[in-house]
Amino acid sequence: MGLPINVRLHRKEDLTTLDLAEAMPRELAAWFPELGWQLAADGAYASLAKRGLPRCELTSRMRRDAALYSTIDGAHRLSALIAWVNDDYGAGAISQRFFGDNISVAQKALRQFKNK
């Protein structure tokens, strides 16, 4: 279910529509710092993905041959790259050294399934 929970009025001599669209998820992130957001936007707002919206996943226009990337925040993208380079997505050797016995059974099962 999608709920419209924020609006902005665009005036020609004011901020661009993209700037106004960026301000709304940032405002929501400040109101609810513990939540993440799934933002569905028209294709005209696809470049919001490059603006580093906090805790916000953007679904917008995609080409048929598009590669899919998560756009939660810069730290998340970096950790995803490190996980890929090290082939450690939460239950590998690096994770075991860091988390010890605190790795969930589900995460361990995914690791075993991947290695088959």
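The values are calculated or read from the model by the stated rules, or taken from the named source; none is laboratory data. Fair warning: this is a prediction, and the values are worked out from it, not measured in the lab.
Take the residues of region 33-67 that are at pLDDT 80 or above and basic (Lys, Arg): which is nearest to the chain's Cα centre (by Cα)? The selected residue is ARG55.
Consider LEU15 carefully, then state whether it is within 30 Å of SER104 (Cα to Cα) and modelled with pLDDT of 75 or more.
On the way: within 30 Å of SER104 (Cα to Cα): no; modelled with pLDDT of 75 or more: yes.
Spelling it out, it is not the case that LEU15 is within 30 Å of SER104 (Cα to Cα) and modelled with pLDDT of 75 or more.
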